[in-house]
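What follows is one structure encoded as structure tokens, with my remarks underneath.
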Amino acid sequence: MKMISKRSAGAVALVASAALVLTACSGGESAETAPAEESGTGALKIATLLPQTGSLGFLMPPVQAGIAQALADINAAGGVLGEDVEIVAEANEGDGADITIVEKGADDVIASGASFVLGAMSSSRTLHVVEKITGEGLLMGSPSNTASGLSGISPNYFRTAPPDSVQGNALANQILADGKSSVAFMTFNDDYGLGLRDTIQEVLEAGGAEVVYGAKGEGNEFPVDQTSFSAEVTAAKASGADALVIVTFDQIKAIIPELVAQGVDLSTVYLVDGNTNGFEADFDPGTLTGAQGSIPGAQADEEFQAQLKEIYSAEFGGELVSFTYAPEAYDLVTIVALAATKAGATDSASIQAELAAITGANGGEECNSFADCAALLEAGDEIAYVGKSGTGPLNADNDPSSASIGIYKYDETNNPVFQRAVEGAI
């Protein structure tokens with residue numbers, strides 16, 4: 001079926017109210033469960049497990065647009081095995097301390113009959129349900145998971161975002177290049193937060209900088225559902241650090257006013273992909289001028305940005321202002337569709353067997369669109385799909401073998417402006 005838009009879906013939103021994801025949950029398969037086909041050449045069915053509510057919602061619009069554009073391009077080229085790709089379920093991963101939402105979401109996608117589950121966005125959410133979902137034989141992939149602990153976690157799990165080792169290295173080296181020698185961290189107690197903080201700290205210390213607050217082992221991380229940060233900002237400021245790294249999701253909107261209230265120079269602040277967002281509508285002009293952040297993935301080119309804006313407006317009736325993880329979401333859907341095309345089947349196992357080859361792990365002729373790649377496959381050629389996110393072929397851990405990390409700096413409008421890309425091997 002077509003991707004559902006807000007205009008036609010009401011309470012059900014694709015990948016849901018704005019586009020850009022843990023081990024056994026509930027019991028066995030119910031009588032209503034419709035597991036993925038063991039084999040087949042029917043329509044390729046996709047289920048999404050994304051944050052329809054909660055602090056990751058601000059990342060949803062670009063992911064939503066990326067998925068919609070991929071579906072449009074694939075189906076315009078004749079679909080997979082002659083049929084349109086279908087979104088058959090749109091489940092919520094939620095956020096914060098309540099894991100019952102993502103557990104229900106896992107049940108929903110398992111029962112949907114999908115061959116591929118796109119999500120979750122939060123690494124901690126994925127870690128909570130990945131064994132349950134992949135244990136049912138379903139293929140699962142995320143455009144935004146970066147936790148290093150997900151590398152190689154299951155043959156049925158892959159991602160188009162690089163692990164935190166790449167982003168952490170890039171951001172830490174930017175901090176060192178800026179001449180910072182003492183660093184404070186504000187980090188939420190989450191697998192993503194802790195893993196990224198630890199990587200940044202390791203590289204900083206290897207480069208001669210000192211972590212003076214919020215270091216690994218100090219125990220001053222805060223709960224994911226905390227809403228007031230006066231004590232943490234006071235302690236970070238008192239540490240005398242000349243740089244502050246904030247590793248959170250949408251909690252940043254409560255942290256920034258506290259930084260301003262306590263007179264912290266925000267040009268010394270460094271953000272990460274979970275919170276490097278545009279804040280033009282949230283704070284006074286100039287509030288974040290000079291602050292920096294990192295976002296994995298290639299910067300979407302102008303033509304792709306225009307496509308994403310147009311399809312987001314048409315499908316969801318809004319204005320797309322961020323492109324974070326849109327290329328990764330686009331590539332995720334395209335890779336699965338090409339793998340099914342190469343396999344000549346739409347079941348999870350057949351698709352999984354062709355994933356690495358589709359991305360160029362075995363060489364092949366480079367192509368960068370579903371239509372061009374599918375034509376090569378039809379001619380019997382091996383391909384190497386070069387996607388929008390600029391990542392290398394999948395490696396043995398189902399991670400991109402190489403990736404680009406963008407470094408951004410905030411302007412007077414409180415929007416992050418791309419500065420440069422740092423290439424890194426996984």
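I need two numbers for the stretch 55-102: Rg to one decimal and Dmax as a whole number, Cα atoms only, in Å.
In Å, with Rg to one decimal and Dmax whole: 14.5, 43.
For Phe418 and Ala206 in the same chain, what is the full-extension length gain: residue separation times 0.36 nm, less their Cα-Cα distance, in nm? Spell out each step's value before the answer.
Values: separation 212, 0.36 × 212 = 76.32 nm, distance 2.67 nm.
That pair, Phe418 and Ala206, stretches by 73.7 nm at full extension.
Which cross-chain or sequence-distant (5 or more) residues have an amide H under 5 Å from the amide H of Ala384, H modelled 1.01 Å from N in plane?
Result for Ala384 returns Glu365, Glu366, Cys367.
Ranked from highest to lowest mean number of other Cβ atoms within 10 Å per residue, what is the order of the peptides 105-112, 306-313?
Listed from highest to lowest mean packing, they are 105-112, 306-313.
PRE reach from Ala254 (point 7 Å along Cα→Cβ): which of the stretch 78-99 fall under 13 Å by backbone N?
96-97
Determine the order of Leu338, Leu194 by accessible area, beginning with the largest, at a probe radius of 1.4 Å.
Leu194, Leu338
Eigenvalues of the Cα gyration tensor times 5, then square-rooted: what semi-axes does that give for the stretch 46-147, in whole angstrom, largest first?
So the equivalent ellipsoid measures 23, 16, 11 Å along its semi-axes.
Quote the FRET efficiency, to the nearest 0.05, computed for Asp178 versus Glu310 with a Förster distance R0 of 41 Å and r equal to the Cβ-Cβ distance.
0.65
What do you get when you divide the Cα radius of gyration of the stretch 312-426 by 2.2 N^0.38 Å, with N the number of residues?
Numbers: Rg = 16.5 Å, N = 115, 2.2 N^0.38 = 13.4 Å.
Its radius of gyration relative to the 2.2 N^0.38 Å reference: 1.24.
Relative contact order, percent, of the stretch 341-423 when contacts are C-alpha pairs under 8 Å separated by at least 6 residues?
On the way: 122 pairs, mean separation 17.5, N = 83.
Relative contact order here is 21 percent.
So between Ala235 and Asn362, what do we pick up on full extension, going 0.36 nm a residue minus the alpha carbon distance? Before the final figure, lay out each step's value.
Values: separation 127, 0.36 × 127 = 45.72 nm, distance 5.17 nm.
Extra length available between Ala235 and Asn362 comes to 40.6 nm.
So how do 216-225, 404-413, 164-173, 119-128 stack up, highest first, on mean other-Cβ count within 10 Å?
The packing order, highest mean first, is 119-128, 164-173, 404-413, 216-225.
If you take the beta carbon distance between Glu378 and Ala72 as r and set R0 to 30 Å, what does 1/(1 + (r/R0)^6) give as a FRET efficiency, to the nearest 0.05?
Calculated transfer efficiency: 0.90.
³J(HN,Hα) across the stretch 318-325 via Karplus (A = 6.51, B = -1.76, C = 1.60, θ = phi - 60°), whole Hz, x for Gly/Pro?
Values, residue by residue: x, 9, 8, 10, 10, 10, 4, 6 Hz.
What is the spread of the Cα atoms of the chain along each of their three principal axes, largest first, in whole Å?
The Cα atoms of the chain stretch 63, 45, 39 Å along their principal axes.
Which whole-number percentage describes the relative contact order of the stretch 282-354, with Cα contacts under 8 Å and a sequence gap of 6 or more?
Numbers: 34 pairs, mean separation 14.5, N = 73.
Relative contact order for the stretch 282-354 comes out at 20 percent.
Quick check on the chain: helices-only [θ] at 222 nm, where DSSP H runs of length 4 and up contribute -39,500 (n - 2.57) each and the sum goes over total residues. Nearest 500, please.
-11000 deg cm²/dmol, from helical runs alone.
Which of the lysines could be linked to Lys104 by a straight reach, that is with a Cα gap under 23 Å, when you skip same-chain ones fewer than 8 residues away?
Qualifying lysines at Cα under 23 Å: Lys6, Lys45, Lys132.
Enumerate the lysines that Lys180 could reach by cross-link, defined here as Cα to Cα under 29 Å, with residues fewer than 8 away along the same chain left out.
Lys216, Lys237, Lys253, Lys409
The values are calculated or read from the model by the stated rules, or taken from the named source; none is laboratory data. This structure is a prediction, so every number in the text was calculated from the model and none was measured. Here Cβ is always computed from backbone atoms with ideal geometry, including for glycine, and neighbour counts include all displayed protein chains. Protein only, heavy atoms only, side chains kept; ligands, DNA and RNA dropped before computing areas. Shrake-Rupley method; radii C 1.70, N 1.55, O 1.52, S 1.80 Å.
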